[in-house]
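Enquirer: My questions will all concern the structure given below.
Nothing in this text is a laboratory measurement; each read-out follows from the coordinates by a stated rule. This structure is a prediction, so every number in the text was calculated from the model and none was measured. For neighbour counting, all protein chains shown are included, and Cβ atoms are generated from backbone atoms with ideal geometry for every residue, glycine included.
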Amino acid sequence: MKTFSRLVIGLSLSVLAGCSSHYKPAPPAFHAALNQPYRFDSGDVARVTVFDQSELTAAYPVDKAGYLSMPLIGDVPARGRTSKQLEGEIAARLRDGFVNDPDVTIAVDRYRPFFIMGEVTQGGQYTYVPGMTVQKAIAVSGGFTPRAEQATVDITRQIGNEIVTGRVLTSDPLLPGDTVYVRERWF
């Protein structure tokens, strides 16, 4: 009887170990990205204000190649750049023969979407709203299916030039461009 109990316990542990073999905790850089300055990418819309230049002040989308296109100065690389970096680049280009001492500010007018798939009612692409958590994203997508693992999800996020995936709680915050995957529960 003792041997049978040990066998059952051993098999149970090996089954549980097999279930968690794909578990990949979020690396430190994953959460550190939440506290970094926002970096523009394709799908974002930048609100560019050039003071005393109403014809240049507008919302400019960042295209698929990562550029925003403005009158007079043309395409400006935006991918991976912060608002401050873009302000400096645009001001320098405008100063080069177009506007004397330009005063430029940039803010995010609209964030790029996030994506959700897996065990949710309606997977797809959704509008990102500042302060969004995984739980809110799931609510926007119609909620969990009956088979969903509801405690944690996998998020794929671009950090610098790297694509990183990690498992997080549903109370964790999202970033624009994140892909959320809701797994199926085992039992």
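Enquirer: Taking only Cα atoms and a 10 Å spring cutoff, compute GNM fluctuations for the chain and point out the largest among 148, 32, 78.
Expert: 32
Enquirer: Starting from the Cα of residue 147, step 7 Å along the direction of its Cβ; do the same at residue 29; then give the gap between the two resulting points in nm.
Expert: Rounded to a tenth, the inter-label distance reads 3.4 nm.
Enquirer: Measuring from label point to label point, each 7 Å out along Cα→Cβ, what is the residue 133 to residue 79 span in nm?
Expert: Calculated label separation equals 3.4 nm.
Enquirer: Here's a follow-up. Summing -39500 (n - 2.57) over the DSSP H runs of n ≥ 4 in the chain and dividing by its residue number, what mean residue ellipticity at 222 nm do you reach, to the nearest 500 deg cm²/dmol? Could you put the intermediate results ahead of the total?
Expert: Details: 4 runs with 43 residues, N = 187.
Counting only the DSSP helices, I get -7000 deg cm²/dmol.
Enquirer: Any idea what angle helix 83-95 forms with the longest principal axis of the chain, computed on alpha-carbon atoms, 0 to 90 degrees, nearest 10?
Expert: Between the helix axis and the principal axis of the chain, the angle is about 20 degrees.
Enquirer: Taking the Cβ of each residue in 83, 42 as the centre, tally the other Cβ atoms inside 10 Å and list the residues starting with the fewest.
Expert: 42, 83
Enquirer: Counting alpha carbon pairs within less than 8 Å and at least 6 residues apart, what relative contact order, in whole percent, applies to the chain? Numbers along the way, then the final one.
Expert: Numbers: 337 pairs, mean separation 36.7, N = 187.
Computed value for the chain: 20 percent relative contact order.
Enquirer: Of 138, 151, 105, which is farthest on the positive side of the dipole of the chain, counting Cα position, with +1 on Lys and Arg Cβ, -1 on Asp and Glu Cβ, and the Cα centre as origin?
Expert: It is 151, whose Cα lies furthest towards the positive end.
Enquirer: Calculate how large, on average over all directions, the projected area of the Cα convex hull of the range 59-171 is; give the answer in nm² to one decimal. Don't jump to the answer; show the numbers that get you there.
Expert: On the way: hull surface 33.7 nm².
One quarter of the hull surface, i.e. the mean projection, equals 8.4 nm².
Enquirer: Taking the Cα centre as origin and putting +1 on Lys and Arg beta-carbons and -1 on Asp and Glu beta-carbons, what dipole magnitude results for the range 45-110, to the nearest 20 debye?
Expert: Dipole of the range 45-110, to the nearest 20 debye: 340 debye.
Enquirer: Just to confirm the number: angle between the C-alpha axis of helix 2-19 and the first principal axis of the chain, 0 to 90 degrees, nearest 10?
Expert: Between helix and principal axis, roughly 20 degrees.
Enquirer: Among 85, 135, 36, which one moves the most in a GNM of the chain with springs linking Cα atoms closer than 10 Å?
Expert: Among 85, 135, 36, the largest mean-square fluctuation in the Gaussian network model of the chain belongs to 36.
Enquirer: Can you give the extra length, in nm with one decimal, that the chain gains between residue 92 and residue 162 once fully stretched, where that is 0.36 nm per residue apart less the Cα-Cα distance?
Expert: Full extension from residue 92 to residue 162 adds 22.2 nm.
Enquirer: Now a separate question. Magnitude of the Cβ-charge dipole of the chain, K/R +1 and D/E -1, about the Cα centre, nearest 20 debye? Kindly include the intermediate steps, with their values, before the conclusion.
Expert: Working: 19 positive and 19 negative charges, 235 e Å.
So the magnitude is around 1120 debye.
Enquirer: Neighbour counts of other C-beta atoms within 10 Å: give me 103, 178 arranged from fewest to most.
Expert: 103, 178
Enquirer: Out of 166, 118, 142, any idea which swings most in a Gaussian network model of the chain, alpha carbons joined below 10 Å?
Expert: Maximum fluctuation in the GNM of the chain, among the listed residues, is at 142.
Enquirer: Further question on the same structure: With Cβ to Cβ distances under 14 Å as the rule, what net charge do the other residues near residue 44 carry (K, R +1; D, E -1)?
Expert: Every neighbour counted, the sum reads +3.
Enquirer: Any chance you could run the full-extension gain for residue 101 through residue 64? It's 0.36 nm times the residue separation minus the Cα-Cα distance, nm to one decimal.
Expert: 10.2 nm
Enquirer: Next question. Which whole-number percent gives the relative contact order of the range 78-182, counting Cα pairs below 8 Å spaced six or more residues apart?
Expert: The normalised contact order for the range 78-182 reaches 27 percent.
Enquirer: Dividing the Cα radius of gyration by the Kirkwood radius, what Rg/Rh value follows for the range 45-110?
Expert: A ratio of 0.92.
Enquirer: Enumerate the calculated ³J(HN,Hα) couplings along the range 62-71 in order (Karplus 6.51 cos²θ - 1.76 cosθ + 1.60, θ = phi - 60°), each rounded to whole Hz, writing x wherever the residue is Gly or Pro.
Expert: Each residue of the range 62-71 in turn: 8, 6, 4, 7, x, 10, 10, 10, 10, x Hz.
Enquirer: Search the structure for amide H atoms under 5 Å from the amide H of residue 133, placed 1.01 Å from N in the peptide plane, and list their residues when 5 or more places away or on another chain.
Expert: 174
Enquirer: Within 10 Å of each residue's Cβ, count the other Cβ atoms and sort 49, 170 from fewest upward.
Expert: Neighbour counts put them in this order, fewest first: 49, 170.
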